[in-house]
Amino acid sequence: MSEQAKTILVLGVGNILMHDEGLGVRAVEHLAENYEFSPNVELMDGGAGGLRLADELTSHDCVVVVDAVMNGGQPGDLYRLEGDDLKLSLTFKQSMHETDLLETMACCEIIGHRPNCVVLGMEPLNIEGWSLELTEPCAAALPGLIVRVLDEIRALGGEVRPKAPVPA
Amino acid sequence: MAGCKPKTAPVTPVGNYTGKVVVDPINRIEGHLRIEVEVENGRVKNAWSSSQLFRGLEIILKGRDPRDAKHFTQRACGVCTHVHALASTRMVENAVGVDKRIPALGVAMRNLLLGAQFLHDHIVHFYHLHALDWVDVVNALSANPKKAADFVNSAGLGHRKHTEAELKAVQDRLKKFVDGGQLGIFANAYFLKPHAAYKLGPELNLVATAHYLEALKLQILPSRMMAIIGGKNPHTQALYEGGITSYDAITKDKFKLFKDLYKQTMDFVLNTYVPDVLAVAPHYLDWGGIGGTTNFLSCGEFPSNEGDLNSRYLPAGAIYKRDIANPKPFDPNKIAEHVKFSWYEAGAPLHPFKGETKPKYVEAKDMSKYSWMKAPRYDGGAFEVGPLAQTLVAFAKGHKETVGLVSMVLKHLGVGPEALFSTLGRTAARCIQTVVIGKEMQAWMDNVDKMLAKGDDTLLAKWDMPDTGQGVGFVDAPRGVLSHWINIKGKKIENIQLVVPSTWNLGPRDDKGVLGPVEEALVGTPVFDPKRPVEVLRTVHSYDPCIACGVHIIDPKTNEVYKFKVC
């Protein structure tokens, strides 16, 4: 890894208490358990935090957000959202959360450093009931999402390798 | 300076509208809150506060290890994560009997962690969740930056010095946002077209906007303070029943970093936040008579002994019927939750130890059932909780630092203590509380240094899980009295109940039909333009509502223009 390697924050967000709402956090947990990364890559469970994430967001060059994304597709469908599209959406957003992640990104820009941001998302099935488990279609699609996150990390200049299995 | 102080007593305009106004959802808060008011001749005559989301966290906690509770409850929401973890931790400590044995160092570190949360929450609330109700950002574009700098530098309110160039730069940036249609965080604000209820001159609007932007950056510092002691933020991981596991935070370098961040944060509080409140308040002095309630409750906060509510630095107590001459002691047995107007199975008011969570939704257009919140009551009455309640209790009990600051603010505004019972009083009290807590944090840090110097580095007490037990954890959080209640059976959670600040304040009517505090506070509020009821928002936002749902979804459906690529 060169000295100039971009720092990459892989940020899983969502509420793990509400089924697929927590799929971003679950994806990051899976990455932490099964892979090793070069020092320029940081994994973070962002939970449902909004403005409190500004510290981490402004201190990285690139952010890969992993989150549930509602786009009217089939549960488990994967999406990729890029910087300019996200930025555009801010102007028109009527979210019920005024302090959520997109808003926090806008704040980062005002603070002076808006990281290069990509969102990798999945269409959720259930984000309302209380459960720690992902629904079946989302659990089934999680490995595919993981592959895309790993590809994204590599494309941004991060190094990834599977963890050696723990000897029995 | 001319233009920066009101020449005549401010009066918020009253319209002539009669009819209903619904604000759904209320923006700039966490969670989905719907406020419905009935307006008659431009004033609110009746109000309904309704939570549209069911919060059934209690249900998935049954049967789990009591120590797991803190990790679940703090995930209910993205804003007040740590205070839920603390309430759950205290609840279990109380149930297993370790609460009186928490090591002094552990207590001090916990107080510093919670203190950092207060600094963060109150700064973010004043600037980012509440200021846009009072400050017209667009109007700041027509300010004269030199006049604005002169005002700040000569007003004698304690502001740090500003330069014309600094304020001009803010104005230029702002112009870029507005011209580019990239209003971002200001989108949906009511001042995008001029509104008669906004009273600040362009110069003060510019100064306040500059500080809004400055606070965005500053808030990172107290957030980092929380991460140092809490291990991470959001969702702190350091609390454990018996104390705290912040071994890293008590190392010399880390604790020094915490102290440096504290110093920078307090510089902002004392040289920007306090002077801003003093500068803005005179323009909205009539709000010292709008938005008040009757009864106030505090459970106290920042203990020296975790097992004794009376050891808390900010005192616990209850004020009935605004009688600040006679504060009463706080008695946890007087709490009960009513469900007559809530979407739960009917039943008598229950103390939280006997509390039930049996949801039952019915559509009721006559508002006979209208909220997922229960209605918590104290001694049968509706009590406001939060910074105003805590400040009133402390003031009534002669808490020296609080009395000094309250008296200073009242003198500056030329009003008596009766003005505290209002929306303006609530917003001023939050600032006063920030200073009181912030200053006391210095004493806790000194205390930590002393203990560490003596070689006392015990953060955690040992204990055993009993087969059965019952306990409660009280936190007087930035939003007010928070309590978690547990029954333990077979070493597992048999029942758990959460009574949260926003339920106290934003809950519906009780069994006797008495309005909840926010509902009561809204009655009498002027509404000039029913399509842009900023006056309603002022009072609702002054409670810093957070109704803990934690739903966190990027929803491109709401954006017609928005298109993104499918993998």
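The values are calculated or read from the model by the stated rules, or taken from the named source; none is laboratory data. What you see is a predicted model; the values in this text were computed from it and never measured. Here the Cβ positions follow ideal geometry from the backbone for every residue, glycine too, while neighbour counts run over all protein chains shown. All accessible areas refer to the heavy atoms of the entire protein, side chains included, with ligands and DNA or RNA removed. Shrake-Rupley method; radii C 1.70, N 1.55, O 1.52, S 1.80 Å.
Quick notes on this structure:
- The condition of being without any contact (Cβ under 8 Å) to a residue 40 or more places away in the chain and surrounded by fewer than 24 Cβ atoms within 10 Å (Cβ to Cβ) holds for only one of B:Gly455, B:Gly438, B:Gly524, B:Gly469, that being B:Gly455.
- Qualifying residue in the range B:235-243 (condition: within 14 Å of chain A (Cβ to nearest Cβ) and surrounded by fewer than 23 Cβ atoms within 10 Å (Cβ to Cβ)): yes
- Subset of the range A:138-166 [under 17 Å from A:Val25 (Cα atoms) and open to solvent by 40 Å² or more (accessible area, probe 1.4 Å)]: A:Ala139, A:Ala140, A:Pro143, A:Val147, A:Arg148
So that you can scan it fast, the table gives a plain yes or no per residue for (1) closer than 30 Å to B:Lys161 by Cβ; (2) open to solvent by less than 60 Å² (accessible area, probe 1.4 Å); (3) within 14 Å of chain A (Cβ to nearest Cβ):
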residue	(1), (2), (3)
B:Thr245	no, yes, no
B:Lys256	yes, no, no
B:Leu261	yes, yes, yes
B:Asp267	yes, no, no
B:Leu270	yes, no, no
B:Tyr273	yes, yes, no
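- Residues of the range B:44-70 satisfying the condition of being surrounded by fewer than 18 Cβ atoms within 10 Å (Cβ to Cβ) and modelled with pLDDT of 90 or more: B:Lys45, B:Asn46, B:Lys62, B:Gly63, B:Arg64, B:Asp65, B:Arg67, B:Asp68
- Scanning the range B:71-108 for residues that are among the small types (Gly, Ala, Ser) and open to solvent by less than 10 Å² (accessible area, probe 1.4 Å), we see that the one that is farthest from the chain's Cα centre (by Cα) is B:Gly106.
- Qualifying residues in the range A:106-117 (those that are at pLDDT below 85 and touching a Leu at 6+ places or on another chain (Cβ under 7 Å)) - the one surrounded by the fewest Cβ atoms within 10 Å (Cβ to Cβ): A:Ile110
- In the set (1) more than 30 Å from B:Leu350 (Cβ to Cβ); (2) free of Cβ contacts under 8 Å to residues at least 60 places away in the same chain, the condition left unmet by B:Arg430 is number (2).
- Looking only at residues of the range A:118-137 that are in contact with a Lys or Arg (Cβ under 9 Å, 6 or more places away or on another chain) and more than 10 Å from chain B (Cβ to nearest Cβ), we find that the one that is modelled with the lowest pLDDT is A:Val118.
- Helices (runs of 4 or more DSSP H) contained entirely in the range B:467-547, each with at least 1 residues that are farther than 20 Å from B:Ile335 by Cα and out of contact with any Ser or Thr (no Cβ under 8 Å at 6 or more places or on another chain): B:534-542
- Residue within the range B:394-414 that is over 24 Å from B:Ala428 (Cβ atoms), touching a Lys or Arg at 6+ places or on another chain (Cβ under 9 Å) and of a type in the set (Asp, Glu) present: no
- If you go through the range A:127-137 and keep only what is open to solvent by 50 Å² or more (accessible area, probe 1.4 Å) and touching a strand residue (DSSP E or B) at 6+ places or on another chain (Cβ under 9 Å), you end up with just A:Glu128.
- For the range B:406-451, a residue qualifies if it is among the charged types (D, E, K, R) and farther than 22 Å from B:Gly386 by Cβ, and the qualifying residues are B:Lys411, B:Asp446, B:Asp449, B:Lys450.
Okay, residues lined up against (1) within 30 Å of B:Lys5 (Cα to Cα); (2) in a strand (DSSP E or B); (3) at pLDDT 95 or above; (4) open to solvent by less than 30 Å² (accessible area, probe 1.4 Å):
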site	(1), (2), (3), (4)
B:Tyr284	yes, no, yes, yes
B:Thr293	yes, no, yes, yes
B:Ala316	no, yes, yes, yes
B:Phe330	no, no, yes, yes
B:Phe353	no, no, no, no
B:Ala364	no, no, no, yes
B:Lys369	no, no, no, no
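- Residues that are among the aliphatic types (A, V, I, L, M) and modelled with pLDDT of 85 or more, drawn from the range A:18-41: A:Leu23, A:Val25, A:Ala27, A:Val28, A:Leu31, A:Ala32, A:Val41
- With respect to the conditions (1) at pLDDT 90 or above; (2) over 30 Å from B:Glu356 (Cα atoms); (3) in a loop (DSSP other than H, G, I, E, B); (4) among the β-branched types (Val, Ile, Thr), B:Val561 lacks only one, and its number is (1).
- For the range A:57-69, filtering for residues that are charged (D, E, K, R) and surrounded by fewer than 22 Cβ atoms within 10 Å (Cβ to Cβ) leaves 1.
- Within the range A:51-84, being more than 8 Å from every other protein chain (Cβ to nearest Cβ) and part of a loop (DSSP other than H, G, I, E, B) holds for A:Ser59, A:His60, A:Asp61, A:Gln74, A:Pro75, A:Gly76.
- Counting only residues that are among the β-branched types (Val, Ile, Thr) and touching a residue at least 60 places away in the same chain (Cβ under 8 Å), the range A:116-148 holds 3 of them.
- Contacts under 8 angstrom Cβ, first residue in the range A:101-115 being within 7 Å of chain B (Cβ to nearest Cβ) and more than 25 Å from A:Glu21 (Cβ to Cβ), partner open to solvent by 10 Å² or more (accessible area, probe 1.4 Å) and of a type in the set (Gly, Ala, Ser), 6 or more apart: A:Ile110/B:Gly184
- Residue in the range B:406-415 that is outside any helix (DSSP H, G or I), touching a helix residue (DSSP H, G or I) at 6+ places or on another chain (Cβ under 8 Å) and not hydroxyl-bearing (Ser, Thr, Tyr) present: yes
- Test: residue in the range B:229-240 that is within 30 Å of B:Val96 (Cα to Cα), in a helix (DSSP H, G or I) and of a type outside the set (A, V, I, L, M, F, W, C): yes
- Test: B:Leu200 is of a type in the set (A, V, I, L, M), open to solvent by 10 Å² or more (accessible area, probe 1.4 Å) and assigned to a loop (DSSP other than H, G, I, E, B): yes
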